[in-house]
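Worksheet for the structure shown next.
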Amino acid sequence: MNRQISPAVHTMGYHGQNGGLFMAGDFVITGGHPLEGRVQIPAAKNSVLPLLAATLLCSGRVVLQGVPELSDVDQSMALLCAVGCRAQRQGRELVVEGQPRSCVLAAGPAAQMRASILFCAPLLARLGRAETVLPGGCDIGARPIDLHRKGLEKMGVHSFFAGDRLVLTAPGGLHGAQITLDFPSVGATETLLLAAALAQGETVLRGAAREPEIADLAAFLNRCGAVVQGAGSSTVRVQGRRLLTGCRYTPVADRIAAATFACACAAAGGRVELAGCAPALYAPVLEILEQMGCRVQRGQDAAEVSRYGKLWGAGKVFTGAYPGLATDAAPLLAAVMVCAQSGSSVEDVIFERRFGCAEGFAAMGARVRVRGRQFSAQPGGVLRGTEVTAPDLRGGAALVVAALAAKGKTRVSRTGCIHRGYAEFDRELASLGAQIEREIR
Ligand code: UD1
C-alpha cells in the first residue's frame with residue numbers, strides 16, 4: 001500500500017504531551033529468556049535521513065530501498081512534502097519526486113529531530129534560501145549548529161535568527177570553499193557535502209567526519225551525478241555540478257541496530273545472527289562483548305553473537321569518532337555492563353548526557369554511577385523488573401536490553417522515542433524468544 005506522509009498525520013501519530021508519543025504504548029518485558037534466531041538489519045536511520053535531505057538536490061525520481069518504518073523517517077518525509085515534493089512509502093521502499101517550491105521547513109517535524117538541519121543546505125542550493133526552527137532530537141547534551149553555519153558562511157551563506165526561526169540565504173548562490181572543521185561533526189560534514197554538490201567550483205573539506213553514513217551519502221550523491229571524492233576519510237573533495245539526477249539506492253545497514261541486538265543477546269544470553277550488516281561497521285562493540293564473555297563469529301556481511309556462560313566486566317572503555325566506539329552504542333553497552341559479574345565503565349567523549357538510562361538501571365537494582373560523561377557499573381546488584389521511563393532513543397533501547405536480563409516484569413514507558421530508531425523493536429525481540437508485549441494504557 002502506498003502511504004503519503006503529511007506533517008499533520010505524523011504529528012498526530014507519534015508525538016503527544018510530555019514528548020509523550022502516546023500511540024506507541026509501553027513495553028512490558030519479562031526477563032530471563034535467552035534469545036535465539038536471526039535478525040535482518042535494515043537500512044541505517046542515520047543514513048536514510050541525510051539521503052532524504054539529499055533528494056531535494058535531485059531533479060529526478062529517487063527510490064530508497066530497505067527502509068524501516070521509523071518515526072524519524074516519517075518526519076523527514078513530512079518535511080519533504082511540506083516544501084512541495086512527493087514522498088511516499090511503497091512497502092520497504094521510499095519514493096521521492098518533485099522539486100522543492102517552498103524554502104520553509106515545517107516547524108513541527110523540524111523541531112522534533114536533529115536531522116532537520118540537514119534539509120537546509122539543499123534548499124539553499126535549489127532556492128537560495130532556507131528557513132527552519134532549531135532542530136530538536138534526543139536530549140543527550142548540547143547540540144549546537146555553529147559548525148554547519150560557519151562552513152556554509154564560507155560558501156556564501158548569510159544566516160540569522162528572526163524570532164525562533166533560523167533564516168539562511170545565499171544571495172549570490174553557493175560557491176566552493178576550503179573548509180576545516182574544528183571537530184569531525186557528522187551533521188556538519190553532511191550539511192557541507194550537500195551544499196558542495198551543487199555549488200559553483202571545488203570544495204575541500206578537511207577534518208571531516210569519517211562515519212560510514214558519510215561515505216554512504218557521498219556514494220548516493222555520486223550515483224546521482226555528483227563528484228565527491230575521499231568521503232570516509234578526513235579530507236573530502238567535491239566538484240560542484242549544475243544538476244543531479246535521481247537514482248535507486250540501498251542505504252548502508254544500521255550498525256547501531258546491529259549493535260543493539262548484539263547487546264540484547266549478550267544481556268539475555270543465547271545466540272543471535274545479525275544478517276546484512278558488515279561486522280567491521282561496529283567492530284568495537286563486538287570486541288568489547290567478546291572481552292565480556294560473548295563469542296562472536298564474523299562473516300563478510302553478518303555476525304553471530306552468542307553467550308552461554310557468565311558475563312564479565314569490560315574494564316574502562318571510551319567512545320570516539322568513527323572508527324572508535326560509537327556514542328550511540330554506549331548506553332547499550334552500559335546495559336550489558338549492569339548484567340556483568342565484575343565492574344566496567346564507559347565514557348562518552350561526544351555528548352555530555354549520554355547515560356539518561358542510568359536512573360532506570362538503578363531503579364532496576366543495578367549498582368551504577370554517572371560522573372560527568374562517565375558511566376560505571378559495579379557488580380553485586382540484582383536486576384529486578386520495575387517501572388522505568390525511556391529517556392531518549394538509545395537510552396530507551398538500553399532499558400529494554402537490561403530488562404531482558406532482569407527478574408520479573410519491567411514496564412518501559414515513553415517508548416515513542418525508541419520508535420524513532422527501531423522499527424517494531426518489540427516484535428523483533430519477540431521473534432528471538434524475548435517475552436515482550438506492547439500495552440497501551
Ligand atoms: C549524528 C547522529 C547521532 C550520533 C552523532 C555522533 C544522525 C541523525 N545523528 O548526530 O546519532 O550520535 O552523529 O556520531 O546522524 N557539534 C558542535 N557544533 C556543531 C555540530 C556538532 O559543537 O555545529 C558537536 C556536538 O555538540 C557533539 C559533537 O559535535 O558534541 C558531535 O555531534 P555530531 O557529530 O554533529 O552529531 P549529529 O550529526 O548531531
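The values are calculated or read from the model by the stated rules, or taken from the named source; none is laboratory data. Since this is a predicted model, take the numbers as computed values, not measurements. A quick note on method: Cβ atoms are made from the backbone with ideal geometry, for glycine too, and the neighbour counts reach across all protein chains shown. Calculation scope for accessible area: heavy atoms of the full protein, side chains included, ligands and nucleic acids excluded. Shrake-Rupley method; radii C 1.70, N 1.55, O 1.52, S 1.80 Å.
Selection of segment 178-205 for residues being closer than 21 Å to residue 324 by Cα, hydrophobic (A, V, I, L, M, F, W, C) and open to solvent by 10 Å² or more (accessible area, probe 1.4 Å) yields 181, 183, 186. Which condition does residue 93 not pass, out of (1) without any contact (Cβ under 8 Å) to a residue 40 or more places away in the chain; (2) surrounded by 17 or more Cβ atoms within 10 Å (Cβ to Cβ); (3) away from the ligand (no atom under 16 Å from the Cβ), if it passes all the others? Unmet condition: (2).
Flag: residue 79 does not match the condition of being closer than 20 Å to residue 253 by Cα, among the hydrophobic types (A, V, I, L, M, F, W, C) and open to solvent by less than 50 Å² (accessible area, probe 1.4 Å). Within segment 337-348, the set of residues being part of a loop (DSSP other than H, G, I, E, B) and closer than 15 Å to residue 284 by Cα comprises 348 only.
In segment 233-264, which residue that is within 15 Å of residue 212 (Cα to Cα) and assigned to a loop (DSSP other than H, G, I, E, B) is most open to solvent (accessible area, probe 1.4 Å)? Don't jump to the end; show me each part of the working.
Going residue by residue through segment 233-264, those that are within 15 Å of residue 212 (Cα to Cα) are 233-236, 250-259.
Still in the list and also assigned to a loop (DSSP other than H, G, I, E, B): 234, 250-252, 254.
Numbers: 234: 55, 250: 82, 251: 10, 252: 30, 254: 8 Å².
Looking at residues that are within 15 Å of residue 212 (Cα to Cα) and assigned to a loop (DSSP other than H, G, I, E, B), I get 250.
Residues of segment 133-155 that are more than 8 Å from the ligand (Cβ to nearest atom), open to solvent by less than 20 Å² (accessible area, probe 1.4 Å) and at pLDDT 95 or above: 151, 152, 155.
Pairs are defined by a Cβ separation below 6 Å, a sequence spacing of at least 6 or placement on different chains, a first member in segment 347-372 that is over 18 Å from residue 143 (Cβ atoms), and a second member that is polar (S, T, N, Q); the pairs so defined are 347/374; 363/386; 364/386; 367/378; 369/376.
If you take the residues of segment 373-405 that are crowded, with 17+ Cβ neighbours inside 10 Å and in contact with a Lys or Arg (Cβ under 6 Å, 6 or more places away or on another chain), which of them is nearest to residue 136 (Cα to Cα)? Only one residue tops the list, namely 393.
Among the residues of segment 220-232, those identified as surrounded by fewer than 20 Cβ atoms within 10 Å (Cβ to Cβ) and part of a helix (DSSP H, G or I) are 222, 223. With respect to the stated conditions, residue 98 is more than 20 Å from the chain's Cα centre (by Cα) and under 19 Å from residue 48 (Cα atoms).
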